[in-house]
Amino acid sequence: MRAAARQLMKVFVTRRIPPEGEAVLAQAGVCSIQQWDSDEPIPQSELLAKVAGKDGLLCLLSDRIDKEVLDAAGPTLKVISTLSVGYDHLAIDEIKKRGIRVGYTPDVLTDATAELTVALLLATSRRLPESVEEVKNGGWTTWKPLWMCGYGLSGSTVGIIGLGRIGQAVARRLKPFGVKRFLYTGHHPKPEAAAEFGAEFVPLAILAEESDFIIVTCSLTPDTQGMCNRDFFHKMKKTALFINSSRGAVVNQDDLYDALVKGHIAAAGLDVTSPEPLPPAHPLLSLKNCVILPHIGSATYATRNTMSVLAANNLLAGLKGESMPSELSL
Ligand code: NDP
Ligand code: DGY
């Protein structure tokens, strides 16, 4: 019994995760688990101490797994499993150099995130938070012909930056609203995926100029960082809306603020910001034409539970040297 206990691999989990995922790890019998038993992020100094000598690491998108953390973990670390589909918080080059495998959670959160993106678009375009506030504060005095008017999807052009899993799921949900034309950008055309929506592959500048609604669903990479900047917002129609459910750093937020204040664009809806959380005094939060959510794209109970099970199973498979249910190809 003691010999078996000595052979258990060592895992560190950087946060409390949903119970289903915790149960999968606990019942597997292949690892001893140390966990940051909190809903708040682990301080970096604690992470550096706790990760030392571990075989596996289960982390969140808010944990920055950089060279310092990998050095602190040392040569025992074989697998990193992130409870997210995005992996911009992982130093992929360093991870690759060390031969560490990475698990992530694609697909299982696509529907929830697409649903939230549509909800954010409608909340922004039809001014829902502003309208609710007016009801509460007495601003609703009578029915007025142009009061609280917004923009509708019917007959519109929707531009999607990144027609990946989530981008396609958003387009699929928007099509029945009567969208007339879909545009998209990316590294290369995706004729099969685009056929479902009759979507046209265009350069970013054309997408900016011709769309009534722009939705960002790409991954954050060195190429996409700061991609939505002054030049981009100035190309957009004054009546167009900008929606981002990818990562905050795709947007230059100072330029977005300027575009919203000066009326270069009509409104923005953001599920993601830089930094997260956005400080309550941030200028974007003072604008009526900017709706900001606290990164809740995948936040349904079922989705988060499923993500935790997938992340746990990725970690276990990596520890055992087996193929992972969802391994990132490095
Ligand atoms: P996919 O990998 O399926 O899609 C990513 C897309 O980004 C691809 O279509 C890719 O295009 C595109 N892309 C990459 N570089 C560029 C570029 N320079 N210009 C335009 N498009 C580009 O990932 P998912 O759809 O599953 O997830 C996308 C992202 O959404 C995640 O990386 C994550 O950051 C974010 N996310 C946010 C959530 C939230 O809670 N708000 C929830 C889940 C995910 P190509 O194929 O041509 O390379
Ligand atoms: C992800 O998975 O990348 C999201 O941002 C959170 O679900």
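A few notes on this one:
- For G152, net neighbour charge (Lys/Arg +1, Asp/Glu -1) across residues whose Cβ lies under 11 Å away: 0
- Separation of the K237 and K320 label points, Cα + 7 Å toward Cβ, nm: 5.4 nm
- Qualifying GluC sites (Glu not before Pro) in segment 144-213, where qualification requires a DSSP coil assignment and no more than 13 other C-beta atoms within 10 Å, comprise E196.
- Annotation for E40 and F177: the two label points, set 7 Å from Cα along the Cα-Cβ direction, are 3.8 nm apart.
- Of the DSSP H helices in the chain, those whose Cα atoms cover at least 30 Å axially and whose Kyte score averages -1.0 or more: none
- With a cut-off of 10 Å between beta carbons, the residues surrounding D71 carry a summed charge of -1, where Lys and Arg count +1 and Asp and Glu -1.
- Each of the peptides 229-235, 276-282, 173-179 was scored by the mean count of other Cβ atoms within 10 Å over its residues; in descending order, highest first, they stand as 229-235, 173-179, 276-282.
- Cβ-based exposure ranking for T82, T221, T110, in which fewest neighbours within 10 Å come first: T221, T110, T82
- For segment 62-78, Karplus couplings with θ = phi - 60° (6.51, -1.76, 1.60), whole Hz, Gly/Pro x: 8, 8, 8, 9, 9, 4, 4, 5, 5, 5, 5, 5, x, x, 6, 5, 10
- Subtracting the Cα-Cα distance of Q225 and E276 from their residue separation scaled by 0.36 nm leaves 16.8 nm.
- Close amide H partners of K10, meaning residues 5 or more places away or on another chain with modelled amide H under 5 Å apart, are S32, D55, G56.
- Check: segment 220-283 dipole with +1 on Lys, Arg Cβ and -1 on Asp, Glu Cβ, in debye: 300 debye
- Projecting the Cα atoms of G226, G103, T239 onto the charge dipole of the chain (Cβ charges, centred on the Cα centre) puts G103 farthest toward the positive pole.
- Using a simple spin-label model with pseudo-atoms 7 Å out from Cα toward Cβ, F201 and W147 lie 4.9 nm apart.
- Of K67/K320; K10/K67; K54/K320; K136/K238; K54/K96; K136/K237, pairs whose Cα-Cα distance is over 26 Å: K136/K238; K136/K237
- Debye-sum result for the chain in log10 I(q)/I(0), which assumes one identical scatterer on each alpha carbon, at q = 0.08, 0.13 Å⁻¹: -0.43, -0.99
- Residue exposure sequence - S81, S125 - by fewest surrounding Cβ within 10 Å: S125, S81
- Debye equation applied to the C-alpha atoms of segment 58-214, log10 I(q)/I(0) at 0.15, 0.17, 0.20, 0.21 Å⁻¹: -0.92, -1.01, -1.15, -1.20
- Among Y87, Y184, the order by Cβ neighbours within 10 angstrom, fewest to most, reads Y87, Y184.
Taken together, the values in this text are just the output of simple stated rules run on the coordinates, not laboratory data. Please read these numbers as outputs of a predicted model, since none were measured by experiment. Cβ: placed from backbone, ideal geometry, glycine included. Neighbour counts: every protein chain shown.
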